[in-house]
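The values are calculated or read from the model by the stated rules, or taken from the named source; none is laboratory data. This one's a predicted model, so the numbers in the text were calculated from it and none came from an experiment. Here the Cβ positions follow ideal geometry from the backbone for every residue, glycine too, while neighbour counts run over all protein chains shown. These area figures cover heavy atoms from the full protein model, side chains too; ligands, DNA and RNA do not enter into them. Shrake-Rupley method; radii C 1.70, N 1.55, O 1.52, S 1.80 Å.
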Amino acid sequence: ETTLVWIRRDLRLSDHAALSAAVKRGGPVIPVFIRDDAVDGLGAAPKWRLGLGLESFAEALEGVGSRLVLRSGDARAVIPALVEETGATAVYWQRAYDPDAVERDSDVKAALKKAGIEAESFTGHLMFEPWTVETKQGAFYKVYTPFWKAVRDRSVDKPLSAPSSVPAPETWPDSDTLEDWALDAEMDRGAQIVRPFVQLGEAAAQSRLGAFMASKVAEYDTTRDIPGVDGTSNLSENLSLGEISPAQCWHAGQRALDEGKAGAETFLKELVWREFAYHLMWHTPRILSDNWREEWEAFPWNEDERKAEVKAWKQGRTGIRFVDAAMREMYVTGRMHNRGRMIVASYLTKHLMCHWKIGLEWFKDCLIDWDPASNAMGWQWSAGSGPDATPYFRVFNPVTQLDKFDKDRDYVSRWIAEEYENPHEDALAYFDAIPKSWNMSPEDAYPEPIVAPDEGRKRALSAYEDRDF
Ligand code: FAD
């Protein structure tokens, strides 16, 4: 009785409901990952990070006597073919929530059932699945705080432990190789520079969580907002590929809360922001591609990617230090501090009046923690076009924000080399990572602001007022 376990964004052995159920079923287990259009459509950095994640997960599987089979194509064809080839009688996987995956998975499930194959999906990528949280009127939540109140006292199943061994089939089906897939092919931003910032795999994710709970969570309330301090868990990179489960983070957060560690509740709330993003994406998938508030269609966004201002924003040379530092941080590390994300997003959409989709796409290309739901919610929240968004009149002032959140300039001096006699090594790494065609050097003079902060703010506000929002 062979079981296929269809691996997706869940590159872990522990708290893996589908894998555990397959092991419990008793027969041989064949884990398979499929390179489909969704994988091919990933941005350069998340695709590269996925390749590393798969390599590490395949090794972890080998440690428990198993393997990761790699196949390419549409899962609607690949899964039934593999079932036939291996004689599997069941296929298990953990649910995904973006519209394309939902459609694909329900097609696969229907076809398998029709063929008399057991097909079961499990929860794992989320704690509170979108259809399980509803308002008293039976609707979905559009505002975060009531969503938080609705879920905060729910019990979350205790994480499952990793199977100590996974029964192998007598013969393994053929597998593609990661070398064939070349998931790093588009990563032309100096992958060797980004690599040291990566914390890869399940064991690393667990130690990240442990270190956060041991030392950072107590101060998290205050340090989480200071980009010059490493005060957050950095777990988004691992959560994105499921190298750790949200339930594992939640239980660790609950323990810290019981131990009276200040900051633990705020951490739990952040995990629930992630759940909220999925809730919104599930109930209103258009959040991924269209203004969530339709009246924003009338806003005079610039949608021209080639505009000089867009280029300056992407390249971290707007002349606004907080913005440039954050954009360079993302280019070098594949990640950006949350305060930075809010500031660069506000700056692009308000000061520069550029469409949030331009920013969303650039983040999608650069972030190793890219997540479709959190990225879309973050951009629409910042632009003002999303549910529970910042009101249009809240335009972050990137200059006063610097005095508030980077008083000693620890952050900007780490990421901006110009103007410093002995630049920080990370600031210099940026110049090694970028393409030559950007024509930037640490010896250049730091640019003047492309748009003066006050002028940009006034321009955005008057565009809103003209449209009578
Ligand atoms: P911590 O502060 O340690 O928080 C713990 C976890 O809670 C995070 O790992 C994350 O899973 C979740 N979380 C925290 N803040 C948020 C939030 N605002 N929204 C949703 N979940 C949150 N996060 C991504 O994971 N991927 C993205 O592609 C992404 N794009 C964003 C784009 C914009 C414009 C904005 C404003 C935010 C975006 N975020 C995204 C949310 C947030 O910035 C990151 O989750 C956070 O910076 C990750 O750092 P951390 O793991 O140290 O977080």
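Does any residue of region 233-254 turn out to be at positive phi, surrounded by 16 or more Cβ atoms within 10 Å (Cβ to Cβ) and within 14 Å of the ligand (Cβ to nearest atom)? Among the residues of region 233-254, at least one is at positive phi, surrounded by 16 or more Cβ atoms within 10 Å (Cβ to Cβ) and within 14 Å of the ligand (Cβ to nearest atom), which makes the answer yes.
Quick grid of which residues meet (1) surrounded by fewer than 19 Cβ atoms within 10 Å (Cβ to Cβ); (2) in a helix (DSSP H, G or I):
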site	(1), (2)
Ile34	no, no
Leu52	no, yes
Ser66	no, no
Pro80	yes, yes
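Being outside any helix (DSSP H, G or I), within 12 Å of the ligand (Cβ to nearest atom), on the phi < 0 side of the Ramachandran plot and hydroxyl-bearing (Ser, Thr, Tyr) is the requirement here; does Thr349 meet it? No.
Taking the conditions (1) farther than 23 Å from Asn439 by Cβ; (2) open to solvent by 40 Å² or more (accessible area, probe 1.4 Å); (3) away from the ligand (no atom under 16 Å from the Cβ) in turn, Phe299 satisfies each one other than (2).
A quick yes/no check of all residues on (1) at pLDDT below 95; (2) more than 11 Å from the ligand (Cβ to nearest atom); (3) surrounded by 18 or more Cβ atoms within 10 Å (Cβ to Cβ):
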position	(1), (2), (3)
Phe267	no, no, yes
Val272	no, no, yes
Glu275	no, no, yes
Glu303	yes, yes, no
Lys314	no, yes, yes
Thr318	no, yes, yes
Ala325	no, yes, yes
His337	no, no, yes
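The residue list Lys142, Lys136, Lys158 contains one member that is away from the ligand (no atom under 15 Å from the Cβ), over 27 Å from Trp370 (Cα atoms) and of a type in the set (D, E, K, R), which is Lys136. If the condition is being in contact (Cβ under 8 Å) with a residue 60 or more places away in the chain, assigned to a helix (DSSP H, G or I) and among the aromatic types (Phe, Trp, Tyr), then region 263-296 contributes Trp273, Phe276, Tyr278, Trp282, Trp296. Scanning region 156-183 for residues that are open to solvent by 90 Å² or more (accessible area, probe 1.4 Å) and under 23 Å from the mean Cα position of the chain (by Cα) yields a total of 0.
Being in a helix (DSSP H, G or I), surrounded by 22 or more Cβ atoms within 10 Å (Cβ to Cβ), within 13 Å of the ligand (Cβ to nearest atom) and touching a residue at least 40 places away in the same chain (Cβ under 8 Å): is that true of Lys357 here? Considered against the rule, which asks whether it is in a helix (DSSP H, G or I), surrounded by 22 or more Cβ atoms within 10 Å (Cβ to Cβ), within 13 Å of the ligand (Cβ to nearest atom) and touching a residue at least 40 places away in the same chain (Cβ under 8 Å), Lys357 comes out as no. Look at (1) away from the ligand (no atom under 12 Å from the Cβ); (2) closer than 20 Å to Tyr430 by Cα; (3) open to solvent by less than 30 Å² (accessible area, probe 1.4 Å); (4) not aliphatic (A, V, I, L, M) and you find that Ser413 fails only one, number (3). Would you point out the residue of region 122-155, among those that are of a type in the set (Val, Ile, Thr) and free of Cβ contacts under 8 Å to residues at least 40 places away in the same chain, that is least open to solvent (accessible area, probe 1.4 Å)? It comes out as Thr135. It is to be established whether one or more residues within region 196-203 are within 30 Å of Trp438 (Cα to Cα), free of Cβ contacts under 8 Å to residues at least 40 places away in the same chain and part of a helix (DSSP H, G or I). Yes, there is a match, as at least one residue in region 196-203 is within 30 Å of Trp438 (Cα to Cα), free of Cβ contacts under 8 Å to residues at least 40 places away in the same chain and part of a helix (DSSP H, G or I).
In the set (1) within 29 Å of Leu428 (Cα to Cα); (2) out of contact with any helix residue (DSSP H, G or I) (no Cβ under 9 Å at 6 or more places or on another chain), the condition left unmet by Phe322 is number (2).
Residue-level analysis places Asp221 outside the set of residues that are out of contact with any Leu (no Cβ under 8 Å at 6 or more places or on another chain) and loosely packed, with under 14 Cβ neighbours inside 10 Å. From the list Pro372, Pro449, Pro435, Pro442, the lone residue that is closer than 23 Å to Gly41 by Cβ, open to solvent by less than 70 Å² (accessible area, probe 1.4 Å) and more than 16 Å from the ligand (Cβ to nearest atom) is Pro435.
Applying a threshold of 9 Å to beta carbon distances and a minimum spacing of six or more residues, or different chains, the list of pairs starting in region 392-403 at a residue that is surrounded by 14 or more Cβ atoms within 10 Å (Cβ to Cβ) and at pLDDT 90 or above and ending at one that is of a type in the set (D, E, K, R) and not in a helix (DSSP H, G or I) reads Leu402/Arg409.
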